[in-house]
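K.L.:
One structure, as structure tokens, below. Some questions next.
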Amino acid sequence: MEESDTSGKVEQIFQGIGISPGFAIAPAYLFSRTKPLSLRKHLNPEEIPTEQTRLDEALERAKYELKKVASVAEEKIGSESAHIFEAQVQILEDPVFINAVNAFILNEACNAEYAVQVTLEHHISQMEASGNAYLRERAQEFQDVKDRVLRSLQQKRLISKIQQHRVVVAQNLSAADLVLFSKRQVLGCVMDIGGTTSHASIMARALGVPALISVGWQAERVIEEDDWVIVDGFSGILVINPSSETMREYRVKQAQYSKLLEQQSELKDLPAETLDGHRVHLRANIEFSAELPQLVEYRAEGIGLLRTEMTYLAQGRALTEEEQLTFYKEVLEATAPFVATFRLIDLGGDKVLPLGKHEPNPFLGWRGVRILLDRQSLLRSQIRAILRASVYGPTRLMIPMVTNIGEVRAIKRMIARTKIELAVEGKAFDSKMQVGIMVEVPSVALMADLFAEEVDFFSIGTNDLTQYVLAVDRGNDLVANRFDEMHPAVLQLIAHTIQAAHRKGIFVGMCGEFAANPLATPFLLGMGLDAFSVSPVFIPQIKRIIRSLTYQEAKEITERVLIQQDARSVRKVVSEWFGQNQDILASLMKI
Ligand code: PEP
Ligand code: MG
């Protein structure tokens, strides 16, 4: 199909949520899985053993297919991501599941398809009804497993007729779909449902495929096969049948983005310092060891946030002390000579295991340090692993979701006890390992002076801080436009926290998503932030802004920003500066 051939169709523009950066311009491929049939068939008693053998064979075939997907994933993105598929293999190997299906075939004298359908559907509907975002996302994995087994029973394969270089449009994609599509060089993805924290979103970012979620309107219904579409993975905009003018505009943006990436690579070896020599640190937020090579690629000066709970969630269980030690050692060796910040497991909110307790308000519930203090064995084994790993490179331990000073003191007591334990056992550790906290609950930001006396560093978590200051759920698309870190109340708390940290002589960084927002860079810098910790791909962009103004200029912007009455006027102040610096403005895709 020719690019200019939009068959006289009218251009339509939709707003979604960008989940993976970049621009894709290509014809659409509508992907829908034909649902495998699972009608009930009555069996005679003598047919039952044969049916159970059929089930065994189908499970084996499904496992074989999944292991193949896992190995492609591993080759492309690393072993941590492959765990997602291993989790599906584990479902297939789970004796509780296998026994339940076999018992159903026997008791109901029915076919294997029906037994699989009923057994798994029951489980899936419980997960979907849980009202918990993480459980709902995991329900999709069970759904994928169910469809795979049904297809396998019917000896059908998921036929992907996709041509190369397309934008895939689907109601929902599994992480496995994305991995297989990447072999067809898919250029972009549009999904109707999902969340920015879903496995499919994580996979799209890891594979570098621009993607968005349609949110509230169904892309699958409005897009026709082969319609030209534009996916703007930054702003979440989707253009269907773009006019030639829009097409040109986006081609320019695409070219600018490639140029920006090229220019950014020229900045790689230059320090993050202002024109008058004020130096800050640009660090990385990472989750899995597969992301470690990006530290060198983007010249991150260490890890400002390692979300250790992600490994826990990917594996579906807590790692043993030895497993943690192996992982942390690998991280420290890849990060040295820079520091790596291990955040203690931050479960709760939207990060819970399928067996977790249902809470009416999970973000105001059993989260972060609260869970750790109630589950001392989990806490103890992680502190032991981090301390033992600390001999392999500069290590910092960070406490999540702190609200009260007592929580910090309790964790510090546990660290002190663990050090004695390790010394008695003759195990080495860095006795001066730094301990810090996430500042992400308003009570801590307000009392930052007190907290600064207890710890070695702060890291401001704007994702949670903003949701708690503004009473806006960070994961609810109905109020997504009200989640705004530029609100002066959020900015004043950030400034207050930075000042308090510096009054007490401690280091203060930011690891919330706001640190990666280029519009905020001038005034965060002017507030005196010591480190910006962001997904590695955003490092060059932030560095470029830091290198284009003086510290004095940044402080002046900050002064003006902090007296504004609302987010709109804050943006106006910042836009004025960017307006006077058109070259930078042109290079920023997020504006
Ligand atoms: C934050 O809340 O800003 C943060 C960085 O932590 P998380 O996004 O993991 O809750
Ligand atoms: Mg947080």
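The values are calculated or read from the model by the stated rules, or taken from the named source; none is laboratory data. Just so we're clear, the structure is a prediction, and the values are computed from it rather than from any experiment. Cβ sites come from the backbone with ideal geometry, for glycine too, and all protein chains shown count toward neighbours. With ligands, DNA and RNA removed, areas are computed over all heavy atoms of the protein, side chains included. Shrake-Rupley method; radii C 1.70, N 1.55, O 1.52, S 1.80 Å.
Results for (1) more than 16 Å from ligand 1 (Cβ to nearest atom); (2) within 30 Å of ALA385 (Cα to Cα); (3) surrounded by fewer than 21 Cβ atoms within 10 Å (Cβ to Cβ), shown as yes or no for each residue.
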residue: LYS427; (1), (2), (3): yes, yes, yes
residue: ILE437; (1), (2), (3): no, yes, no
residue: GLU440; (1), (2), (3): no, yes, no
residue: PHE483; (1), (2), (3): no, no, yes
residue: HIS502; (1), (2), (3): yes, no, yes
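K.L.:
Something else: Would you list the strands (runs of 3 or more DSSP E) that sit entirely within the range 394-511 and hold 2 or more residues that are more than 16 Å from ligand 2 (Cβ to nearest atom) and either assigned by TED's automatic domain parsing to the domain that holds TYR328 or in contact with a Leu (Cβ under 9 Å, 6 or more places away or on another chain) (or both)?
P.N.:
Correct list: 395-399, 434-439.
K.L.:
So which residues in the range 238-253 are within 26 Å of the chain's Cα centre (by Cα) and open to solvent by 50 Å² or more (accessible area, probe 1.4 Å)?
P.N.:
The answer is LYS253, and nothing else.
Residues are listed down the side, and each one gets a yes or a no for (1) of a type in the set (A, V, I, L, M, F, W, C); (2) within 21 Å of PHE514 (Cα to Cα); (3) not in a helix (DSSP H, G or I):
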| site | (1), (2), (3) |
| --- | --- |
| GLU245 | no, no, no |
| ARG248 | no, no, no |
| VAL252 | yes, no, no |
| ALA255 | yes, no, no |
| GLN264 | no, yes, no |
| LEU282 | yes, yes, yes |
| ALA300 | yes, yes, yes |
| LEU306 | yes, yes, yes |
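K.L.:
So which residues in the range 415-455 are hydrophobic (A, V, I, L, M, F, W, C) and more than 33 Å from the chain's Cα centre (by Cα), if there are any at all?
P.N.:
ILE420, LEU422, ALA423, VAL424, ALA428
K.L.:
Which members of the range 255-297 meet the condition of being open to solvent by less than 50 Å² (accessible area, probe 1.4 Å), under 24 Å from MET398 (Cβ atoms) and not polar (S, T, N, Q)?
P.N.:
Those that are open to solvent by less than 50 Å² (accessible area, probe 1.4 Å), under 24 Å from MET398 (Cβ atoms) and not polar (S, T, N, Q): ALA272, VAL280, LEU282, ARG283, ALA284, ILE286, GLU287, PHE288, ALA290, GLU291, LEU292, LEU295.
K.L.:
Modelled with pLDDT under 85, outside the structural domain of THR311 (by TED's automatic domain parsing) and not polar (S, T, N, Q), is that true of LYS146?
P.N.:
Details: modelled with pLDDT under 85: no; outside the structural domain of THR311 (by TED's automatic domain parsing): yes; not polar (S, T, N, Q): yes.
So LYS146 fails the test.
K.L.:
Is it the case that ASP374 is open to solvent by 10 Å² or more (accessible area, probe 1.4 Å) and at pLDDT 95 or above? Break it down stepwise before answering.
P.N.:
Details: open to solvent by 10 Å² or more (accessible area, probe 1.4 Å): yes; at pLDDT 95 or above: no.
No.
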